[in-house]
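Below is one structure, written out as structure tokens; the observations come after it.
The values are calculated or read from the model by the stated rules, or taken from the named source; none is laboratory data. This structure is a prediction, so every number in the text was calculated from the model and none was measured. Reconstructed Cβ throughout: ideal geometry from the backbone, glycine too, with neighbour counts over all protein chains shown.
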Amino acid sequence: MVPAKTVTLLTDFGGADYFVGAMKGVLLSSDPEINIVDLTHEVPRHDITSAAFILLACYSDFPAGTIHLAIVDPGVGSKRRPIAIVLDSYAFIGPDNGVFSFVLDRHPDAQIVHLTKEGYFKANPSATFHGRDIFAPVAAALARGVPIGQLGEPISDPIRLEMRAECQRSADGCWNAVILHIDHFGNCVTSIPRETWASVVPVDLRIEINGQTIRKLRSYYADAADAHGELFAIWGSAGFLEISAFDDSAAQRLQVKPGERVRFTWRA
Amino acid sequence: MVPAKTVTLLTDFGGADYFVGAMKGVLLSSDPEINIVDLTHEVPRHDITSAAFILLACYSDFPAGTIHLAIVDPGVGSKRRPIAIVLDSYAFIGPDNGVFSFVLDRHPDAQIVHLTKEGYFKANPSATFHGRDIFAPVAAALARGVPIGQLGEPISDPIRLEMRAECQRSADGCWNAVILHIDHFGNCVTSIPRETWASVVPVDLRIEINGQTIRKLRSYYADAADAHGELFAIWGSAGFLEISAFDDSAAQRLQVKPGERVRFTWRA
Amino acid sequence: MVPAKTVTLLTDFGGADYFVGAMKGVLLSSDPEINIVDLTHEVPRHDITSAAFILLACYSDFPAGTIHLAIVDPGVGSKRRPIAIVLDSYAFIGPDNGVFSFVLDRHPDAQIVHLTKEGYFKANPSATFHGRDIFAPVAAALARGVPIGQLGEPISDPIRLEMRAECQRSADGCWNAVILHIDHFGNCVTSIPRETWASVVPVDLRIEINGQTIRKLRSYYADAADAHGELFAIWGSAGFLEISAFDDSAAQRLQVKPGERVRFTWRA
């Protein structure tokens, strides 16, 4: 990876406090040329799964060399490890608590390092704000070209979420997936990837979730305007099949949360 | 227009999702030197008129060459046209649904193009996220100097809002205007432009809105501190006459919404 | 101070309007290379003390030469003075209403100027939006190297808040401090600075606030997980001692607001 200057921030700090500003100040103090981009600071407090999904949904839209900082960190100050992950084109820095789990589902061979070299941290880091005192300084080091191997010790056992951003075929020919994310309109993002199936015209589609069966695949939201409240599937912009209901919350109608199982068959 | 590197974003995506981050990633992937500026992502969902006003209120504060992306797009995926508009100093990109209407009121001769050249879009654009897949890539093309004429076909019939950001004299000598916008304090921004009248000291001012008459023009908000609740007019920072009430919502007191008619006379 | 290109923004404008965009446009129109960083725009409306604390908590994380614009300005349009403050490494621009008070507590010898040279303002500034029409243009002038002395007249009587970001020893050997800030979790940030005491292991700690006494100093939040609701002290990330309660609001339990007195003794 060629080190580059774009650093993104994904946190649950909210926008009202000094925390985000402080992290940006630390990054710019290291290199005023760093291009800082906010993904969001509105992740629900301590919601690691939600942060993992947002990262998955947009990390690869960024230029090669981008460093993604993801600080949703309920265990700050405890023994949870600070880590960095390097792929061919991107690096990720944050706590080892599952926030990079979906990215690792796609890149099981990623290089992972436990950040132990305190020389790259701020001197006398606080026990309550590692985003500013550990993660931002390490991101700045990576951005100026320090090799990941100098930042700590290789590890192969990062914390993973139970959920996987993928689906698997079972012996009976069915596909098993999960609901990865529910957005604020109640759309349910499944782990069924568009790139595998989007070119197929499904016949006899059946998607089973919590006792209900969805059989309709629509092309646009507006296409469902004549069928208020009907549940349907649609290829969503994050690259996964979503379950939606026009002008209604699919999540409420299905009574589901992230992690819910999805069973799925069709003939191509 | 000399292409420049500032690109602004105005959307109704909210700040909690991956949508804004994804658009920024696409822009920076095309050119890491683009300077991305958020106008706001808190436009009320699908509120085209509100987005049109925010754009009008600040587009010209930016450096010449700025490209303004305005994505409030309830018709995404349907047949509404994607368009670009070029003035001497600024370009605008977004859906053809009226979001540029107030800018076009000021620049009726603007060059407008229906964006039909799919070679400038992301390959296999989604049906639900044209901000990322169509508008951001086209903005990046404009930013790197592609002439607007290469992006599509000229059109002269863009969708316009019924409201106009202007006022007109009627046969009886009265001026007719409208309420363009109501801000979150309840101030009512009219379409009466400051540049035409601000140097005038009005005599016998009468502003009629929904059966009530305002006769007072104040210089500062604090100037009204001794008259709680009284409706008054003030030259607002967006360049228009506003109707306000100290520590109260003028919109509630007048029982009005954007689009309401304003009749207006004075002697100079 | 060597002029540099980072300009931060701290306001109570909220994120939904055109105000922040307009200020950024004015800065970039002066110099497209200015690196604009949002501290926050979510300061509670007209809450000068809160803005003063946020500024104090992060201004020094930024690179030397950074210009901090702080626009919480209930008196806009009245006779309150626009001012600039210059330290060795940072400059501050905004209204003279106490918003820089905590910074001045640390730097009593700062150079302060009443911004009177209207040639550096926007022509015909509005009476309602000095952020765009006075403060942003003056920040742009400082950023391009205009010496502070050219921007106005030196003053030595800036408005100060009654609260001080410091603590003082009284005749009986006690230290007197105040609560500077209450964050949205209810943690109470006192004016007791970490740099003075953090290396001390306190014996017989007593912190008295509103009739209650806190005797416990903890290292991490999670360290208190076995003692729900117990009030304890912790060195916070803003550099001050904070009073917290695990999973509870310390401010509610103490029934205090910013400005509340804190009395404090220990043996080192």
Tally, over segment C:152-181, of residues that are more than 27 Å from residue C:195 (Cβ to Cβ), among the charged types (D, E, K, R) and either within 16 Å of the chain's Cα centre (by Cα) or not in a loop (DSSP other than H, G, I, E, B) (or both): 1
Search result, residues across segment C:77-99 that are over 17 Å from residue C:6 (Cβ atoms), part of a loop (DSSP other than H, G, I, E, B), touching a residue at least 12 places away in the same chain (Cβ under 8 Å) and touching a helix residue (DSSP H, G or I) at 6+ places or on another chain (Cβ under 7 Å): C:77, C:97, C:98, C:99
It is to be established whether one or more residues within segment A:107-125 are of a type in the set (Val, Ile, Thr), modelled with pLDDT under 95 and assigned to a loop (DSSP other than H, G, I, E, B). no
Residues to consider are A:144, A:160; find the one that is of a type in the set (Lys, Arg), closer than 24 Å to residue A:66 by Cα, touching a helix residue (DSSP H, G or I) at 6+ places or on another chain (Cβ under 9 Å) and at pLDDT 95 or above. A:160
Taking only segment C:18-35 into account, find how many residues are crowded, with 24+ Cβ neighbours inside 10 Å and either over 19 Å from residue C:130 (Cβ atoms) or of a type in the set (A, V, I, L, M) (or both). 5
Restricting attention to segment C:75-86, which residues are surrounded by fewer than 19 Cβ atoms within 10 Å (Cβ to Cβ) and within 17 Å of residue C:153 (Cβ to Cβ)? C:79, C:80
Could we say that residue C:9 is surrounded by 20 or more Cβ atoms within 10 Å (Cβ to Cβ) and not in a helix (DSSP H, G or I) here? yes
Would you confirm, using the coordinates I've provided, whether residue C:89 is surrounded by fewer than 19 Cβ atoms within 10 Å (Cβ to Cβ) and modelled with pLDDT of 95 or more? no
Taking residue C:149, is it assigned to a helix (DSSP H, G or I) and either surrounded by fewer than 16 Cβ atoms within 10 Å (Cβ to Cβ) or modelled with pLDDT of 95 or more (or both)? yes
When residues of segment C:228-252 are limited to those that are more than 9 Å from chain A (Cβ to nearest Cβ), outside any strand (DSSP E or B) and touching a strand residue (DSSP E or B) at 6+ places or on another chain (Cβ under 9 Å), the one modelled with the lowest pLDDT: C:228
For segment A:27-56, the count of residues that are out of contact with any helix residue (DSSP H, G or I) (no Cβ under 7 Å at 6 or more places or on another chain) and over 14 Å from residue A:69 (Cβ atoms) equals 9
Between a first residue in segment C:253-268 that is closer than 10 Å to residue C:178 by Cβ and a second residue that is of a type in the set (Asp, Glu), which pairs have beta carbons less than 8 Å apart while being 6 or more apart in sequence or on different chains? C:259/C:162; C:262/C:208
Residues (more than 14 Å from chain A (Cβ to nearest Cβ) and not in a strand (DSSP E or B)) located in segment C:67-76: C:73, C:74, C:75, C:76
Does segment B:36-46 include one or more residues that are of a type in the set (A, V, I, L, M, F, W, C), buried (at least 22 other Cβ atoms within 10 Å of the Cβ) and at pLDDT below 95? yes
Considering (1) among the small types (Gly, Ala, Ser); (2) within 14 Å of chain B (Cβ to nearest Cβ); (3) not in a loop (DSSP other than H, G, I, E, B), say which one residue A:191 fails and leave the rest. (2)
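Residues are listed down the side, and each one gets a yes or a no for (1) crowded, with 21+ Cβ neighbours inside 10 Å; (2) charged (D, E, K, R); (3) in contact with a Leu (Cβ under 7 Å, 6 or more places away or on another chain):
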| residue | (1), (2), (3) |
| --- | --- |
| A:156 | no, no, no |
| A:180 | yes, no, no |
| A:183 | yes, yes, no |
| A:237 | yes, no, no |
| A:242 | yes, yes, no |
| A:245 | yes, no, yes |
| A:249 | no, no, no |
| A:258 | no, no, yes |
Scan segment B:102-109 and tell me whether some residue there is surrounded by fewer than 23 Cβ atoms within 10 Å (Cβ to Cβ) and free of Cβ contacts under 8 Å to residues at least 12 places away in the same chain. yes
Filter result for the condition that a residue is among the small types (Gly, Ala, Ser), touching a Leu at 6+ places or on another chain (Cβ under 7 Å) and more than 14 Å from chain C (Cβ to nearest Cβ), over A:51, A:57, A:64: A:51
Check on residue A:113, in contact (Cβ under 8 Å) with a residue 12 or more places away in the chain and buried (at least 22 other Cβ atoms within 10 Å of the Cβ): yes
For residue B:207, which of the numbered conditions (1) farther than 23 Å from residue B:52 by Cα; (2) part of a strand (DSSP E or B); (3) in contact with a helix residue (DSSP H, G or I) (Cβ under 7 Å, 6 or more places away or on another chain); (4) among the aliphatic types (A, V, I, L, M) fails to hold? (3)
Residue B:204 versus (1) within 14 Å of another protein chain (Cβ to nearest Cβ); (2) touching a residue at least 60 places away in the same chain (Cβ under 8 Å); (3) not aliphatic (A, V, I, L, M): which is the lone unmet condition? (1)
Select from segment B:176-185 the residues that are modelled with pLDDT of 90 or more and touching a Ser or Thr at 6+ places or on another chain (Cβ under 8 Å) and list them in ascending order. B:176, B:177, B:178, B:179, B:180, B:181
Return a yes/no flag: does segment B:117-125 have any residue that is under 19 Å from the mean Cα position of the chain (by Cα) and away from chain C (no Cβ under 14 Å). no
For residue C:2, are the conditions met, namely being within 14 Å of chain A (Cβ to nearest Cβ), in a loop (DSSP other than H, G, I, E, B), modelled with pLDDT under 95 and crowded, with 24+ Cβ neighbours inside 10 Å? no
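Here's the yes/no breakdown for (1) under 20 Å from residue C:205 (Cβ atoms); (2) among the acidic types (Asp, Glu):
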position	(1), (2)
C:134	no, no
C:137	no, no
C:149	no, no
C:153	no, yes
C:162	no, yes
C:191	yes, no
So, residue B:176, is that one in contact with a helix residue (DSSP H, G or I) (Cβ under 9 Å, 6 or more places away or on another chain) and either touching a residue at least 60 places away in the same chain (Cβ under 8 Å) or surrounded by fewer than 13 Cβ atoms within 10 Å (Cβ to Cβ) (or both) or not? no
Give me the residue from segment C:13-48 that is touching a strand residue (DSSP E or B) at 6+ places or on another chain (Cβ under 8 Å) and under 23 Å from residue C:180 (Cα atoms) and, out of that set, farthest from the other protein chains (Cβ to nearest Cβ). C:13
